[in-house]
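A quick write-up on the structure given underneath.
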Amino acid sequence: MARFSSVLLPFVLTAGALVAGDYDSLVGAIRKSWPHCESLAVVCDANGSKVALAALAGATGGMKLLVVDVKGPQDMGKAIGTLTGRKPDAVILLAGDHVVGDGSNAATFLIKRMADLKVPTGATTEAGAKQGAALAIGPGTGGKLMCNAKVSAVAGVTVPAGATSI
């Protein structure tokens, strides 16, 4: 078992390093586009998304990060209630989360509810932008800044300069 662990360790460290930069460009774009943004929230299965959460926390650089833990779509109502009460400046989608990841019905629900509350959503994939995230940049966009102008207008945020509109 010790041999297996030592062989696996470099892979885990490499995988963590690959994920670590996934959120740097997104948080940077949020800071530049929405300078009022001081607090971020993420709704996810916290246990299943530990690596992504650590990467996001590392990228926030002093911004407040609220993690709302959900185990399934049945928890989304409570999650929205928590976010309504705490009113973060933006919500981030974790692309690989099995509950609220890009493309899921739960993510669509979250994006729409947050936009109605004037809270924009950010994502790291083109699918996230197409789904309604106001801003997207990261590995899933090929590093290209994308925006959803319609949702940005509903959420009351400006469309980032140079962004490709979806």
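Structure above, values below:
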item	result
Local electrostatic count, residue 166, Cβ distance below 15 Å [Lys/Arg +1, Asp/Glu -1]	+1
At least 24 Å along the helix axis (C-alpha) and Kyte average at least 1.6, DSSP helices within the chain	2-20
DSSP-defined antiparallel bridges as percent of all bridges, segment 21-165, nearest 5	10
Summed side-chain charge close to residue 112 - residues other than residue 112 whose Cβ falls under 15 Å, Lys, Arg +1, Asp, Glu -1	+2
Relative contact order of the chain, pairs being alpha-carbon contacts under 8 Å that are 6 or more residues apart, as %	19
Ranking of 22, 69 by count of other Cβ atoms within 10 Å, fewest first	69, 22
HN-Hα J in Hz across segment 144-154 - Karplus 6.51, -1.76, 1.60, θ = phi - 60°, x for Gly and Pro	8, 6, 10, 9, 10, 4, 5, 5, 4, 5, 5
Amide H within-cut-off set for residue 66, under 5 Å, with H built and near neighbours excluded	40, 41, 42
Relative contact order of segment 50-139, pairs being alpha-carbon contacts under 8 Å that are 6 or more residues apart, as %	21
Two-decimal ratio, segment 88-166, of alpha-carbon radius of gyration to 2.2 N^0.38 Å	0.95
For the chain: Kirkwood Rh in Å [reciprocal of mean 1/r, alpha carbons]	15.8
Helical mean residue ellipticity (222 nm; -39500 (n - 2.57) per DSSP H run of 4+; nearest 500) of the chain	-14000 deg cm²/dmol
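FYI, it's all coordinate maths here, none of it is from the lab. All of these numbers come straight from a predicted model, not from anything done at the bench. Glycine gets a Cβ as well: all are built from the backbone with ideal geometry, and neighbour counts include every protein chain shown.
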